[in-house]
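Data block below; observations after.
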Amino acid sequence: MKIRRYTTTDATFEASLKQLLAFEGAQDDQVDAVVAGILNDVKKRGDAAVLEYTQRFDRLSADRMDDLELPQARLTEALGNLPTEQREALKQAAERVRIYHEKQLMSSWSYTEADGTMLGQQVTALDRVGLYVPGGKAAYPSSVLMNAIPAKVAGVQELIMVVPTPGGERNPLVLAAAAVCGVDRVFCIGGAQAVGALAYGTETVPQVDKIVGPGNAYVAAAKRRVFGVVGIDMVAGPSEILVICDGKTDPDWVAMDLFSQAEHDELAQAILLSPDGAFLDRVQASIDKLIKEMPRAEIIRTSLENRGALIQVRDLDEAAEIANYISPEHLELSVEDPITLTRQIKHAGAIFMGRQTCESLGDYCAGPNHVLPTSRTARFSSPLGVYDFQKRSSLIMVSAEGAQTLGKIAGTLAYGEGLQAHARSAEYRLK
């Protein structure tokens, strides 16, 4: 397998890197047109439209929306029927994710000035959140954990999960994860129609305040369109991993770490930076050896050949500079002293420190969230967390004495802006 090989000393390196990172994230016009029609229909006809699209796309014969809602007993049953090892792994992962996210809880605060004026911030949770979970054979219980647990920790009152069940196929691990996380209601609907139902509300599906969770191109386009009516977490691009290695890690480990993201889909990106050219050769040899035993070998091959790269850098300092430019979703620091190198990293969704810390541990059970910014958006955004399910209200309680000072300041500025009512409103409080 031929993976691109670069050296930072090449005169064309910067241009080559930009081309490697280029990803056309613009939505497909045809997909967007289909989604617009579905959303408008759901907005107008509610349950009837959701039922029709579910019957058409998921091949379900439900006559009423009530038939598409799963009772809590079905979730509990799914959890109880799991093999013991799977059930315990799910519970242990959920507990680790919960403990980590409890550290993120924000608190309300206030302070009182000398004249008695009180200022502060009140933190409250969202009332109701919608969680979209891919369904059928391509089902991800880890997505349930990572989206539902921070919402529950934040204090969200009601969590509504939608999951497509094409041909009636329900993934027991997904339902079990919903039980472990305390999801309140589950509807067997998917696609743009599910996003529309959550955003606008129907006779059966309540309107939510925010929609989170991954989906296909139609789901992503629908989330873009309903943003503003409701909040959304993010519109994620293909998965990414960037590994920085000093050349002393087992090359088989590094190769498999690259595979772990490349196997997601053909557009995923896996890049290795190392100052050791001979080590890059060994990783290439490991890739060629290990690809043969991978069930998703063709996806990995396409991903690595089209969007992967092995890059020789001058030193680890330069590797950190390049990492900050790439701003990867997942960054592995497979080096002797990862803590020191971490201090040079400004932009990354999640940083995996040390040779033992493979990215897949973060996907499932380490504790931090695996919903991460992609496509260089880590330059200005953060992983999903409890703070995404809380909001802040400013608190202002001005004392009679404070109104004398603030009223004059506000009045002067308001007259300067030509807003006389603002000014006079403030001046009415002056003695």
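The values are calculated or read from the model by the stated rules, or taken from the named source; none is laboratory data. Since the model is a prediction, treat every value here as computed from it, not as a measurement. Heads up, the Cβs are rebuilt from the backbone with ideal geometry, glycines too, and the neighbour counts pull from every protein chain shown.
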* Quickly run through region 83-124 and pick out the residues that are buried (at least 18 other Cβ atoms within 10 Å of the Cβ) and hydrophobic (A, V, I, L, M, F, W, C). => Leu90, Ala93, Ala94, Val97
* Asked: When you go through Val180, Val205, Val174, Val212 one by one, which is the residue that is more than 17 Å from the chain's Cα centre (by Cα) and under 11 Å from Gly130 (Cα atoms)?
  -> Val205
* Among the strands (runs of 3 or more DSSP E) lying completely within region 106-218, list those that include at least 1 residues that are closer than 25 Å to Leu60 by Cβ and not basic (Lys, Arg). => 128-132, 158-162, 185-187, 210-212
* **Subset tally (residues that are modelled with pLDDT of 95 or more and surrounded by fewer than 18 Cβ atoms within 10 Å (Cβ to Cβ)) for region 143-177** => 3
* Hey, does region 395-408 have a residue that's touching a Pro at 6+ places or on another chain (Cβ under 8 Å) and either modelled with pLDDT under 95 or of a type in the set (Asp, Glu) (or both)? -> no
* Would you call Arg5 within 19 Å of Pro328 (Cα to Cα), over 29 Å from the mean Cα position of the chain (by Cα) and surrounded by fewer than 17 Cβ atoms within 10 Å (Cβ to Cβ)? -> yes
* To do: Examine region 107-122 for a residue that is in contact (Cβ under 8 Å) with a residue 60 or more places away in the chain and within 27 Å of Lys223 (Cβ to Cβ), and state whether such a residue exists.
  => no
* Tally the residues that are surrounded by fewer than 22 Cβ atoms within 10 Å (Cβ to Cβ), more than 22 Å from Pro383 (Cβ to Cβ) and touching a Lys or Arg at 6+ places or on another chain (Cβ under 7 Å), restricting the search to region 294-335. => 2
* Answer yes or no: is there a residue in region 93-101 that is under 30 Å from Leu406 (Cβ atoms) and of a type in the set (Val, Ile, Thr). => no
* Within the set of pairs 6 or more residues apart or between chains, which connect a residue that is within 14 Å of Gln269 (Cβ to Cβ) inside region 301-319 to a residue that is part of a loop (DSSP other than H, G, I, E, B) and of a type in the set (Val, Ile, Thr) with Cβ atoms less than 6 Å apart? -> Leu304/Ile3; Gly308/Ile3; Leu310/Ile3
* Quick one: Glu263 ticks every box in (1) more than 15 Å from Glu329 (Cα to Cα); (2) in contact (Cβ under 8 Å) with a residue 40 or more places away in the chain; (3) in contact with a strand residue (DSSP E or B) (Cβ under 6 Å, 6 or more places away or on another chain); (4) assigned by TED's automatic domain parsing to the domain that holds Ile300 except a single one, so which number is it? => (3)
* Specify which of the listed residues (Gly354, Gly416, Gly349) is within 17 Å of the chain's Cα centre (by Cα) and at pLDDT 95 or above. => Gly349
* Asked: So which residues in region 219-239 are more than 17 Å from Val371 (Cβ to Cβ) and either without any contact (Cβ under 8 Å) to a residue 60 or more places away in the chain or assigned to a loop (DSSP other than H, G, I, E, B) (or both)?
  -> Gly228, Val229
* Look at region 323-342 and say how many of its residues are in contact with a helix residue (DSSP H, G or I) (Cβ under 8 Å, 6 or more places away or on another chain) and part of a loop (DSSP other than H, G, I, E, B). => 4
* region 379-407, subset free of Cβ contacts under 8 Å to residues at least 40 places away in the same chain and surrounded by 13 or more Cβ atoms within 10 Å (Cβ to Cβ), residue farthest from Val212 (Cα to Cα) -> Gln404
* Asked: Hey, any hits in region 42-62 for a residue that's within 23 Å of the chain's Cα centre (by Cα) and either within 30 Å of Glu318 (Cα to Cα) or assigned by TED's automatic domain parsing to the domain that holds Pro150 (or both)?
  -> no
* Structure fact -> Filtering region 263-293 for residues that are buried (at least 21 other Cβ atoms within 10 Å of the Cβ) and closer than 20 Å to Ser16 by Cα leaves a count of 8
* Asked: Considering only residues of region 336-373 that are surrounded by 19 or more Cβ atoms within 10 Å (Cβ to Cβ) and touching a Pro at 6+ places or on another chain (Cβ under 7 Å), which is farthest from Gly213 (Cα to Cα)?
  -> Ala348
